[in-house]
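Below is a structure I'd like to ask you about.
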């Protein structure tokens, strides 16, 4: 699986858009970008995933650059409950078990 | 978390004693996983299952065994607990590629089991 690089920590003001970057310069053509988050003491939670097109769901938007070497997760109107560690993971879409490898992620703090 | 239950949620035990953690799902998902989370190491895969009686090792399987006799239950056993196995353990489930959310084989995690080995 391609390696990902994320900032260790970020801050964002409540109500503003939080933009979390992820670098995955060695991504292969069949690999998807997944985002999960982990709120303190809870299990990780799936947010969104994409291959090459931008994606949006009720939680967030995912912007993937045209060369697919980086992506940005956007939380459009961050709330205090969005404070969490956010993980960017690159994995191929294959049959079988989804053996995700979690890095250290980005610790996002939403400030009032 | 909806559809996935871990028990016990908290356990304190002594070195050398056996411990079994249980993961129970009501989603009928094929795949089940056990992860552990430690400060400085993040989440690491211990074992996973791809069906009843079908299991395989993850990256940190030493000292752990698993069993899956029913679709809904995945047990993680520490035969003789050590202090290095003090951790938070998370169970996860997934449906498999081509199913579920956009066919993405998304993992759904349980709430975790905090184990302390004295």
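The numbers here are math on the coordinates, done by the rules we state, and not lab data. Given the structure is predicted, the values throughout are model-derived calculations rather than measurements. All Cβ positions, glycine included, derive from the backbone under ideal geometry; neighbour counts span all protein chains shown.
Counting partner chain Cβ atoms within 10 Å of every residue's Cβ in B:71-84, what's the average?
If you average over the peptide's residues, the count of other-chain Cβ atoms is 0.
I've got another one for you. How much of the DSSP beta bridge set in chain B is antiparallel, as a percent to the nearest 5?
90
First obtain the Kirkwood hydrodynamic radius of chain A from its Cα pairs, then insert it into the Stokes-Einstein equation at 4 °C and 1.567 mPa s, and state the resulting D in µm² per second as a whole number.
92
Moving to a separate point now. Calculate I(q)/I(0) for segment A:27-75 by the Debye formula, one identical point scatterer on each C-alpha and no solvent, and give its log10 at q = 0.16 Å⁻¹ to two decimals.
-0.45
Right, here's the next one. Using Stokes-Einstein with the Kirkwood hydrodynamic radius over Cα pairs, what translational diffusion coefficient do you get for chain B at 10 °C and a viscosity of 1.306 mPa s, in µm²/s rounded to a whole number?
D, rounded to a whole number, is 111 µm²/s.
Here is a follow-up. Distance between Cα centroids, segment B:1-61 to segment A:9-80: provide it in whole Å.
Here the two parts' Cα centres lie 26 Å apart.
For labels at residue B:20 and residue A:28 in the simple 7 Å Cα→Cβ model, what's the distance in nm?
The two pseudo-label positions are separated by 3.9 nm.
Could you work out the Rg to Rh ratio of the protein assembly as shown, with Rh taken as the Kirkwood radius (inverse of the mean 1/r over all Cα pairs)?
0.98
Related question: Taking the highest mean first, how do the peptides B:107-114, A:75-82 order by number of other beta carbon atoms within 10 angstrom per residue?
Ranked from most to least packed, the peptides come out as B:107-114, A:75-82.
How well do other chains shield peptide A:39-51, expressed as the mean number of their Cβ atoms within 10 Å of each residue Cβ?
Mean partner shielding for this stretch: 5.
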